[in-house]
Amino acid sequence: MGNTLHLAASRVQIIAAENTWLEGKAIQQLETTAQLPDMVSVVGLPDLHPGRGYPVGAAFFSHSRFYPALIGNDIGCGMALWRTDLTLNKWSLDKLEKRLGSIDNPLQAEELPDDIPEHFCYSPGTIGGGNHFAELQQLDEIYQPEMLETWQLSKQQLLLLVHSGSRGLGQVILEQHVREHGHNGLIASSPEAQSYLQQHQQALDYACFNRQLIAERMLKRWRAHGSCLFDVSHNLLTPYTIGNVDGWLHRKGATPSDQGAVIIPGSRGDYSYLVQPLASDRSLFSLAHGAGRKWMRGECKARLTGRYNAEQLSRTAFGSRVICLDKQLIFQEAPEAYKPIGGVMDAMLQAGLVKLIARLKPVLTYKTRGNKE
DNA sequence: ATGTAC
């Protein structure tokens, strides 16, 4: 191949600004992943951070073989943004919080449509743990008013953002895969690959359906109505042709830039940005999926415990509220544990990957009502 | 990340 040298030089790309801070371990993981057999190129996005062996906030392009372990257990995890008819004039924060109650218990069979696939049964209607959340947001700054007209969105209307995935289903799929194939990946033409792709699709479908269940469940508690503006996954595998290579695009915490408008959320105490992606092969058609962790989960409590208690962490600088009765989790998910979203956006703007549509700020975040020490 | 493994 005539362009081997060029390929070798550009096998690992990182989208970053001068002030983007990236953990060394994450870059190391990115470089290690780039060495996997049949890997063509990898891109670290500005929210790149270490994961279990492989980094999060990255896209990986391979040919003839793909790696389910790169997608991880939460196949189909993503963001759904809903327009609602809720306004802060109609409902106080107190009332919204009270009326929402708990959505920690899975919906029962009788609360679900009866024509759904059998595997849509893993804790339906629940958001799960970790960085998952459901959040009411309010428009704060508008850069492209015409986009909001297209969505028939006024400044008073609250938006509902749901970040969740395929719950136990993706976990079962990955576990079975790793048991049988370890981390060697699958030859794309093999029957095993076809089988994984079929299960992967089921997980994508379930994750999307689950986000809809969550949104509808919340709106019902508020006696409100809404409609989904978009639903985009950031953990998925897609067949793709890039630079004349027919291969496989793995996105792990990487938001697609080829599916229309998307949202890049900050931490629960930071802004979120609605953006119009400008698709680019330089970023493997991907964007950051959020702010990216700054601190490891295990160290958050010790780092913050002298400054805040759990109660204080349930209120943010925006005056928004975070419903999270799990004491460990609220420290792990504190705004300080994440990078500021501004820097992530700067890196993507400088790289010409996005055009801003609007800035949103949090109003009420749901994590869990499960009371845990 | 996970109807969590010990």
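Side notes on the structure shown:
- Taken as a whole, the structure places A:Leu236 among residues that are surrounded by fewer than 23 Cβ atoms within 10 Å (Cβ to Cβ) and not in a helix (DSSP H, G or I).
- Qualifying residues in the stretch A:136-153 (those that are polar (S, T, N, Q) and in contact with a strand residue (DSSP E or B) (Cβ under 6 Å, 6 or more places away or on another chain)) - the one nearest to DNA strand B (Cβ to nearest atom): A:Gln137
- Counted residues, the stretch A:107-135 - those being near DNA strand B (Cβ under 10 Å from one of its atoms), in contact with a Phe, Trp or Tyr (Cβ under 8 Å, 6 or more places away or on another chain) and open to solvent by 40 Å² or more (accessible area, probe 1.4 Å): 2
- Members of the stretch A:75-103 that are open to solvent by less than 10 Å² (accessible area, probe 1.4 Å), in a helix (DSSP H, G or I) and either within 30 Å of A:His200 (Cβ to Cβ) or in contact with a helix residue (DSSP H, G or I) (Cβ under 7 Å, 6 or more places away or on another chain) (or both): A:Leu100
- If you filter the stretch A:220-233 down to residues that are within 23 Å of the chain's Cα centre (by Cα) and surrounded by fewer than 18 Cβ atoms within 10 Å (Cβ to Cβ), you find that the one that is farthest from A:Phe133 (Cα to Cα) is A:Ser227.
- Pick from the stretch A:136-155, criterion assigned to a helix (DSSP H, G or I) and without any contact (Cβ under 8 Å) to a residue 12 or more places away in the chain, ranking: least open to solvent (accessible area, probe 1.4 Å): A:Pro145
- Failed item in (1) over 30 Å from A:Met147 (Cα atoms); (2) open to solvent by 20 Å² or more (accessible area, probe 1.4 Å), with A:Ala279 passing the rest: (1)
- In summary, A:Leu158 fulfils each of the numbered conditions (1) away from DNA strand B (no atom under 14 Å from the Cβ); (2) more than 23 Å from A:Gly247 (Cα to Cα); (3) modelled with pLDDT of 95 or more; (4) surrounded by fewer than 13 Cβ atoms within 10 Å (Cβ to Cβ) with the single exception of condition (4).
- Checking A:Val245 against (1) under 22 Å from A:Trp151 (Cβ atoms); (2) more than 16 Å from DNA strand B (Cβ to nearest atom); (3) of a type in the set (Val, Ile, Thr), the condition it does not meet: (1)
The values are calculated or read from the model by the stated rules, or taken from the named source; none is laboratory data. This one's a predicted model, so the numbers in the text were calculated from it and none came from an experiment. Cβ coordinates were reconstructed from backbone atoms using ideal geometry, including for glycine residues, and neighbour counts include every protein chain displayed. The protein model used for the area step is the full one, side chains on, heavy atoms only, and it has no ligands, DNA or RNA in it. Shrake-Rupley method; radii C 1.70, N 1.55, O 1.52, S 1.80 Å.
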